[in-house]
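K.L.:
Here you go, one structure.
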Amino acid sequence: MAAAEQIKSLIKSFGDGDDDRFFTSAMLIAATEARQGHTTFAQELKSLIEKAKKNRSLAFLDRGKTIPILQPKRELLDLIDVFQPRISLKDMILTPSIKEILAKLVKEQENREILQKHNLTPRRKLLLTGPPGCGKTMTAQALAGELGIPVFIVRLDGLISKFMGESIAKLRLIFDAMPDHRGVYLFDEFDSIGSHRNQGQDVGEIKRVLNSFLINIEKDQSNSIIIAATNMPEMLDKALFRRFDDVINYPLPSINEISETIKKNLTGFSFNTRINYNKIAEEAIGLNYSEIVRACEETIKEMILSGAINISKDVLIETINKRK
Ligand SMILES: Nc1ncnc2c1ncn2[C@@H]1O[C@H](COP(=O)(O)OP(=O)(O)O)[C@@H](O)[C@H]1O
Ligand SMILES: [Mg+2]
């Protein structure tokens, strides 16, 4: 019999959700049994442990809950955010051409079984480029919300810095989960991988991870949607672009989109004076969506805290200008 201490440790680590300690305790029990001459039982234990380990590392979602819970090896938890977004594409302000491409993807995804019957693959691999704050991350969430599937946000820079030498295996773990867990997988901020070069990280490792990422994307045949996003497409090898069904550039908003963004974010409030949205939008040229949304929020806060009942046009223009 295994020592009482080992069994207690086994149960405790299970209770704590500590996979690593659980498997170590189980292996210790197997080793004790082997020393006592119970070799068949020890072998059985070992193979049970190996199998459980494998299943465990692929177990991603708890489908019973509205917000799926990630249950991979706990180290991966720090690198992947998973949730069920509540936004959809109509919450975004987009140029007509971007809207069209995204609508196409949604339509092909919603009809993927019909397409597959005809041996056609629905669109599902996107590369999003463009300056920060223009909706790349939001697009991944909106698409997931639109399709009613979870979004998995993977931080590649974290993967590299945390798992030097092991990152390819960790990346593989994520791709392995895709067929069983349909979702939108966002590999966010590629460009930050490049920045490790300046911090003396192993350039070879970074290249290998990127390459392995490309190969994984190319090989992937799952029903999941893969989105890669970068603020700096020039850091990427052009060969990467061919792997995607669409490459979409998200530009800074122009007058039309700016005034739509302001209107949307100030819905339900009225101004203290008649205003011309296009005139205000002109003030915000050069700002990204994120900054415009924040300027609107700040203006609303100012209204509330000053006890006013209307939005002040001057305050809005001032907060916009402060962000330039
Ligand atoms: N196209 C857009 N339409 C509406 N809001 C946007 C848009 N782009 C960005 N935003 C706002 O800015 C925030 C940050 O955008 P995000 O998608 O994270 O930018 P990126 O990933 O391109 O850096 C969003 O949460 C949203 O509030
Ligand atoms: Mg982003």
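The values are calculated or read from the model by the stated rules, or taken from the named source; none is laboratory data. From a predicted model like this one, the values you see are computed outputs, not experimental measurements. With ideal geometry, Cβ positions are generated from the backbone for all residues, glycine too; neighbour counts draw on all protein chains shown.
K.L.:
Which ones in the range 102-127 are touching a residue at least 40 places away in the same chain (Cβ under 8 Å) and assigned to a helix (DSSP H, G or I)?
P.N.:
The first filter runs over the range 102-127 and keeps only residues touching a residue at least 40 places away in the same chain (Cβ under 8 Å), leaving 102, 105-106, 109, 112, 123-127.
Once the filter is applied, which keeps residues that are touching a residue at least 40 places away in the same chain (Cβ under 8 Å) and assigned to a helix (DSSP H, G or I), the range 102-127 yields LEU102, LEU105, VAL106, GLN109, ARG112.
K.L.:
Which helices (runs of 4 or more DSSP H) does the range 221-324 wholly contain that include 1 or more residues that are in contact (Cβ under 8 Å) with a residue 24 or more places away in the chain and either of a type in the set (Lys, Arg) or within 16 Å of ligand 2 (Cβ to nearest atom) (or both)? Break it down stepwise before answering.
P.N.:
Details: elements: 255-265, 277-283, 289-305, 313-322.
So the answer is 255-265, 289-305, 313-322.
K.L.:
Which of the residues spanning the range 298-324 are among the acidic types (Asp, Glu) and either under 19 Å from ASN278 (Cα atoms) or in contact with a Phe, Trp or Tyr (Cβ under 7 Å, 6 or more places away or on another chain) (or both)? Please lay out each step first, then the result.
P.N.:
Here is the first cut: in the range 298-324, the ones among the acidic types (Asp, Glu) are 298, 302, 314, 318.
Hits for the range 298-324 are ASP314, GLU318.
The rows are residues; the columns are (1) at pLDDT below 95; (2) within 16 Å of ligand 1 (Cβ to nearest atom); (3) under 21 Å from the mean Cα position of the chain (by Cα); (4) over 29 Å from LEU171 (Cα atoms).
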position	(1), (2), (3), (4)
ASP78	yes, no, yes, no
PHE83	yes, yes, yes, no
LEU89	no, yes, yes, no
ILE93	no, yes, yes, yes
LEU102	no, yes, yes, no
GLN109	no, no, yes, no
ILE114	no, no, no, yes
HIS118	no, no, no, yes
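K.L.:
For the range 94-148, name all the residues that are surrounded by 13 or more Cβ atoms within 10 Å (Cβ to Cβ), more than 14 Å from ligand 2 (Cβ to nearest atom) and farther than 21 Å from GLY183 by Cβ.
P.N.:
Result: LEU94, THR95, ILE98, LYS99.
K.L.:
Would you mind telling me which numbered condition in (1) in contact with a Cys (Cβ under 7 Å, 6 or more places away or on another chain); (2) β-branched (Val, Ile, Thr); (3) away from ligand 1 (no atom under 16 Å from the Cβ) ILE304 fails?
P.N.:
Result: ILE304 fails condition (1) only.
K.L.:
Is it the case that LEU70 is at pLDDT below 90, closer than 30 Å to ILE160 by Cβ and in a loop (DSSP other than H, G, I, E, B)?
P.N.:
Details: at pLDDT below 90: yes; closer than 30 Å to ILE160 by Cβ: yes; in a loop (DSSP other than H, G, I, E, B): yes.
In short, yes.
K.L.:
Can you name every residue in the range 181-211 that is of a type outside the set (A, V, I, L, M, F, W, C) and modelled with pLDDT of 85 or more? Let's see the steps before the verdict.
P.N.:
At the first step, the residues of the range 181-211 found to be of a type outside the set (A, V, I, L, M, F, W, C) are 181-183, 185, 188-189, 191-192, 194-202, 204-205, 207-208, 211.
Correct list: HIS181, ARG182, GLY183, TYR185, ASP188.
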